[in-house]
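See structure below.
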Amino acid sequence: MVIGIPRKNYAAAGGVAGGCRGNLPAVLYIGAMKPAPASSATALVLLECLVAGTTHRENLKQHEPGLYLGQMLRLVREADSKYDDWAVKVLTTAAEGDVWLGYLPDVRNETSARLLDAGYGLTARITHKAWEDEWLQLEIEVLLPDGRA
């Protein structure tokens, strides 16, 4: 069993713009845990958050039907960003068109950015997807592959 927090409306629930878990009131549900895809079965979940900036991505409505739960995503460091020193882009894989979905939220991206800068192969996967008016809520898990033998 897993205890989780509903993702329907982060702002109305008192969440922050970045939408990271931990900033919500204690509204809980209990459900069954989904098995992780084989490609990430030995990965460590570093961060669970909403993808920031989805409302600013052109043509995201046309790409949204191709996004699915469990889909693996690429994380790319954007060290020269003028808005965020620790900017990390979230994209689909090259095989799925390299669609730019948004960014890791600036309130929680420093650790992931530092790991990417150090050469660690971080990835992400979609854990929740929903439209709220014109906003596409994409919740992801940032994953660090297990390098232990």
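Checking each residue in region 44-69 for being among the hydroxyl-bearing types (Ser, Thr, Tyr) and either surrounded by 14 or more Cβ atoms within 10 Å (Cβ to Cβ) or closer than 16 Å to Arg108 by Cβ (or both) picks out only Thr54.
Answer with yes or no whether Asp84 is at pLDDT 90 or above, in a loop (DSSP other than H, G, I, E, B) and touching an Asp or Glu at 6+ places or on another chain (Cβ under 6 Å). Taking the combined requirement at face value, the residue satisfies it.
Report yes if Leu138 is in contact with a strand residue (DSSP E or B) (Cβ under 8 Å, 6 or more places away or on another chain), surrounded by 11 or more Cβ atoms within 10 Å (Cβ to Cβ) and either closer than 16 Å to Leu44 by Cα or β-branched (Val, Ile, Thr) (or both), otherwise no.
Values: in contact with a strand residue (DSSP E or B) (Cβ under 8 Å, 6 or more places away or on another chain): yes; surrounded by 11 or more Cβ atoms within 10 Å (Cβ to Cβ): yes; either closer than 16 Å to Leu44 by Cα or β-branched (Val, Ile, Thr) (or both): no.
Spelling it out, it is not the case that Leu138 is in contact with a strand residue (DSSP E or B) (Cβ under 8 Å, 6 or more places away or on another chain), surrounded by 11 or more Cβ atoms within 10 Å (Cβ to Cβ) and either closer than 16 Å to Leu44 by Cα or β-branched (Val, Ile, Thr) (or both).
Does Leu115 fit the bill of being surrounded by 15 or more Cβ atoms within 10 Å (Cβ to Cβ) and aliphatic (A, V, I, L, M)? Yes: the conditions hold for Leu115.
The values are calculated or read from the model by the stated rules, or taken from the named source; none is laboratory data. No experiment lies behind these values; they were computed from the predicted model shown. Here Cβ is always computed from backbone atoms with ideal geometry, including for glycine, and neighbour counts include all displayed protein chains.
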